[in-house]
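Reviewing the structure listed below.
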Amino acid sequence: MTADSAIHDPVRPDSPSVDVVLPCLNEAEALPWVLARIPTGWRALVVDNGSTDGSAEIARALGATVVTESRRGFGAACHAGLLAARADVVCFCDCDASLDPGLLAGFVATVAAGGADLVLGRRRPSRGAWPLHARAGNLALARLLRRRTGLDLRDLGPMRAARRADLLDLELSDRRSGYPLQMVVRAADAGWRVREVDVPYLTRAGKSKVTGTWRGTWQAVHDMSRVLAQPPLTTTAASAPAGGTR
């Protein structure tokens, strides 16, 4: 695992098919910018998780595929998107304009070339983009993750890419804030090659549902701590993708 600077690579004709899962709860303000940054030829899967601000309608009008997930929870929305995906590679990105989905082109290129099985975005925040309490919680969890998996990761950010079939083999079960962490833990247990890439972290549009409050951050840390306490999965997910070793 290495940390590098992300490069906004163009999509080439020989690139794999790509679906981008965008969990969404009241992101009407951010959607136009986010969807405009999706690389040409990729499919945007906006997973509406109970929005009341017209987010689903805006997403459809902008050409995205909208998936409705009635069960509240970040993990529930992400997994609904994964199940709806049909592409070779599936990416995940927040839908609040804090992360540029255009940078996922470099992630996909690495996965397609066999350079990693899972590529994660390490957030490099602009001034005021990341509340202190949220950053402290993330650092503490990253330390626990390193101890649990041996992966030298510095962030638990939501921006990532991997092959769809491999992700489904992980049998992810968390439907709350622990979903992104469970993906990394189970990938590590399965011997995946995990790579971390620096990405700019911008001030989000609108109000945060999780890290913007102490209560939201505490709930996220609680969910993720529960994931770290789970024993390794001992089913088909215990094998690495073809050609992959950590």
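The values are calculated or read from the model by the stated rules, or taken from the named source; none is laboratory data. In this text the structure is predicted, and so the values were computed from the model without any measurement. Here the Cβ is made from the backbone with ideal geometry for all residues, glycine too, and neighbour counts use every protein chain on show. Note: areas computed on protein heavy atoms with side chains; ligands, DNA, RNA excluded. Shrake-Rupley method; radii C 1.70, N 1.55, O 1.52, S 1.80 Å.
Descriptive notes on the structure:
- Residue in the range 102-118 that is outside any helix (DSSP H, G or I), open to solvent by 20 Å² or more (accessible area, probe 1.4 Å) and out of contact with any helix residue (DSSP H, G or I) (no Cβ under 9 Å at 6 or more places or on another chain) present: yes
- Hey, Gly121 open to solvent by less than 10 Å² (accessible area, probe 1.4 Å), touching a residue at least 40 places away in the same chain (Cβ under 8 Å) and not in a loop (DSSP other than H, G, I, E, B) or not: yes
- The range 153-194: number of residues that are part of a loop (DSSP other than H, G, I, E, B), open to solvent by 60 Å² or more (accessible area, probe 1.4 Å), in contact (Cβ under 8 Å) with a residue 60 or more places away in the chain and out of contact with any Ser or Thr (no Cβ under 9 Å at 6 or more places or on another chain): 2
- Selection within the range 164-193: residues that are of a type in the set (Lys, Arg) and over 10 Å from Val227 (Cβ atoms). The member of this set that is modelled with the lowest pLDDT is Arg175.
- Ala76 open to solvent by less than 20 Å² (accessible area, probe 1.4 Å), touching a Lys or Arg at 6+ places or on another chain (Cβ under 8 Å) and part of a loop (DSSP other than H, G, I, E, B): no
- Taking the range 87-101 as the range and being over 11 Å from the mean Cα position of the chain (by Cα) and part of a loop (DSSP other than H, G, I, E, B) as the test, the residues that pass are Ala87, Asp88, Asp96, Ala97, Ser98, Asp100.
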